[in-house]
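K.L.:
Handing you this structure, nothing more for now.
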Amino acid sequence: MKVIVGLGNPGFRYEKTRHNVGFMVVDRLSKDLSLPLKKKKCQAKFGIGEVNGEKTVLLKPLTYMNASGEAVRAFLDYFGGSPEEIVVIYDDLDLPPGKIRLRPHGGAGGHNGMKSVISHLGTKQFKRIRIGIGHPGERTMVMDYVLKPFPKAEREAAADAVERAAQACRQWIDEPFERVMNTFNR
């Protein structure tokens, strides 16, 4: 099973914000893979189906970013599965807009959604795709910054990063994550 988790905040208010790039990737994959996100359970919205012979799940936690781990844990407990079968996609302040970085495991890097996922899974041993959103420069500005849409000058780079992250996920359905990392971390 491959579980692709996009982190974000539910609701129209947050739809196009920097903090929702994980949701954007899952929405893109839903369209590309014809896996509609019509089911709701375990505090998440998801789609499930077979892609190239692999059971594939697209998951958007509905718990809001800082409690994302609750939904991920509940989903794995209910449907079966392990942290090694998931990839989590989320925004990263430390990468410039448009840059993506894949990792087989690691820490939260100060990201509250990832802190929640790590805490609820009880491990850091799960795959992740970080999407750069840039940094506002001042730590005190971060909360407002992540909850605002990309400015016009960054929209093209953000859309490109979402597309490349979706491509990486599609490749992971068929190939080992290490090979996908070699392709997309250049």
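K.L.:
Nearest 5 percent is fine: what portion of the DSSP beta bridges confined to the stretch 50-186 is antiparallel?
P.N.:
50 percent
K.L.:
By how many nm would the segment from Glu85 to Lys152 lengthen if fully extended, with 0.36 nm per residue of separation less the alpha-carbon distance?
P.N.:
Gain on stretching Glu85 to Lys152: 20.5 nm.
K.L.:
Right, another one. Under the Karplus relation 6.51 cos²θ - 1.76 cosθ + 1.60, θ = phi - 60°, what is the ordered set of whole-Hz ³J(HN,Hα) values for the stretch 40-53, x standing for Gly and Pro?
P.N.:
Once rounded to whole Hz, the list reads 10, 5, 6, 6, 8, 9, 8, x, 9, x, 10, 10, 6, x.
K.L.:
Give me the 1.4 Å probe accessible area per residue for the chain, excluding ligands and nucleic acids, in Å².
P.N.:
48 Å²
K.L.:
Need the full-extension length gain, Lys31 to Val142, defined as separation in residues times 0.36 nm minus the C-alpha distance. One decimal, nm.
P.N.:
So the chain would gain 36.9 nm between Lys31 and Val142.
K.L.:
Okay, moving on. Would you work out what percent of the accessible area of the chain, with all protein chains in place, is carbon or sulfur (probe 1.4 Å)?
P.N.:
About 49 percent, which is the carbon plus sulfur part of the accessible surface.
K.L.:
With contacts defined as alpha carbon pairs under 8 Å and 6 or more residues apart, what's the relative contact order of the chain in percent?
P.N.:
It rounds to 26 percent for the chain.
K.L.:
Taking H as built 1.01 Å from N, whose amide H comes closer than 5 Å to the amide H of Leu95, not counting residues under 5 places away?
P.N.:
The answer is Ile133, Gly134.
K.L.:
Please list 148-156, 123-131 highest first by mean number of surrounding beta-carbon atoms within 10 Å per residue.
P.N.:
123-131, 148-156
K.L.:
Along the charge dipole of the chain, pointing to its positive end and built from +1/-1 on Cβ of Lys, Arg, Asp and Glu, which listed residue (Phe126, Ala158, Met143) has its Cα farthest out?
P.N.:
Farthest towards the positive pole: Met143.
K.L.:
Compute the distance from the alpha-carbon center of the stretch 1-64 to that of the stretch 95-149, in whole Å.
P.N.:
Here the answer is 17 Å between Cα centres.
K.L.:
What lysines could a cross-link reach from Lys115, if we take a straight Cα to Cα line under 25 Å and drop same-chain neighbours fewer than 8 places away?
P.N.:
Lys2, Lys16, Lys40, Lys41, Lys45, Lys60, Lys99, Lys124, Lys127, Lys148
K.L.:
Residue-wise, which Karplus ³J(HN,Hα) couplings in Hz belong to the stretch 84-99, taking 6.51 cos²θ - 1.76 cosθ + 1.60, θ = phi - 60°, and x for glycine or proline?
P.N.:
5, 9, 10, 10, 10, 10, 7, 6, 9, 5, 7, 10, x, x, x, 8
K.L.:
What are the ³J(HN,Hα) values, in whole Hz, obtained from phi via the Karplus relation 6.51 cos²θ - 1.76 cosθ + 1.60 with θ = phi - 60°, for each residue of the stretch 144-154 in sequence order, with x given for Gly and Pro?
P.N.:
Result, ordered by residue: 5, 4, 6, 9, 10, x, 5, x, 3, 5, 10 Hz.
K.L.:
With each run of n ≥ 4 DSSP H residues scored as -39500 (n - 2.57), what mean residue ellipticity at 222 nm is computed for the chain after dividing by its residue count and rounding to the nearest 500 deg cm²/dmol?
P.N.:
About -12000 deg cm²/dmol.
K.L.:
For the stretch 112-178, rounded, prolate or oblate, judged on the Cα gyration tensor with a ≥ b ≥ c (square roots of eigenvalues), a/c < 1.5 rounded, else prolate if a/b > b/c?
P.N.:
Because a/c hits 1.5 or more and a/b fails to exceed b/c, the stretch 112-178 counts as oblate.
K.L.:
Sort 132-142, 166-176 by packing, meaning the average of other beta carbons within 10 Å per residue, with the highest value first.
P.N.:
Per-residue Cβ counts within 10 Å, averaged per peptide and sorted highest first, yield 166-176, 132-142.
K.L.:
Another question, then. Given Cβ point charges of +1 (Lys, Arg) and -1 (Asp, Glu) and nothing else, what value in debye, to the nearest 20, does the dipole of the chain about its Cα centre take?
P.N.:
Dipole size: approximately 280 debye.
The values are calculated or read from the model by the stated rules, or taken from the named source; none is laboratory data. Everything quoted here is computed from the prediction, not taken from an experiment. Using ideal geometry, Cβ is built from the backbone for each residue, glycine included, and neighbour counts are taken over all protein chains shown. All accessible areas refer to the heavy atoms of the entire protein, side chains included, with ligands and DNA or RNA removed. Shrake-Rupley method; radii C 1.70, N 1.55, O 1.52, S 1.80 Å.
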